[in-house]
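Read the figures in this text as sums done on the coordinates, not as results from a lab. Predicted model only: the values in this text are computed from it and were never measured. Quick reminder, even Gly has a Cβ in these numbers, built from the backbone with ideal geometry, and neighbours come from all protein chains shown.
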Amino acid sequence: MIDAYAKILPFYDDVDKQYHRREYRLGDKTTVKWIAPRDLLLPFQILRTNRVATLTEFSLYDANDVLQYNLLTFTPSGSWSIKTVFRSGTAFDVITYFASKRFVVDVDCGQYYYKVSDGVQTWYSELITVEAFDGECDSRKLITDNDITGIDRPNPIEILTLLNKAR
């Protein structure tokens, strides 16, 4: 189990806490980018206090806060679960999206975030960038092995030797 403080994809209780919305980050060009393919999004776990409520919303919103996909109907069955666990005698629920089954329809390329709600609490993920790894949506040209013929590619030893000489 991944605890709430150790999860890979951050979730927040307010959409304004997302990394790209924080005012002090606006001038910073260094950002972390979570990338997902078009037919399989990123897995996650959310820890909540134990209650009977099931998910009422599991959606994908674009960066402009517009609903794009209702994942409750879009994901294959068995893609998510809610399990009760105990920590120091206290019951918690772990909401898990496994991302182990591919979608039957591709998500459009772009930036999205998960919105997950059980009717009592709502969680918002950090932005996910959906890209096509087949080159269909990529704006830059994909380089293949055939494209690098004749290009000088120094090996790592040569690079280290040049760095040591420069010092």
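General remarks:
- Among the chymotrypsin sites (Phe, Trp or Tyr not before Pro) in segment 28-132, those located in a DSSP loop and surrounded by at most 15 other Cβ atoms within 10 Å of their own Cβ are PHE98.
- 3J(HN,Hα) couplings calculated from phi for segment 60-68 with the Karplus curve 6.51 cos²θ - 1.76 cosθ + 1.60 (θ = phi - 60°) are, in sequence order, 10, 10, 7, 4, 9, 6, 9, 4, 10 Hz; Gly and Pro show x.
- Under a 5 Å amide H cut-off, with hydrogens placed 1.01 Å from N, GLN68 pairs with LEU60, TYR61, ASP62 among residues at least 5 apart or on other chains.
- Spin-label model, THR161/LYS33: points 7 Å from Cα along the beta carbon direction are separated by 3.4 nm.
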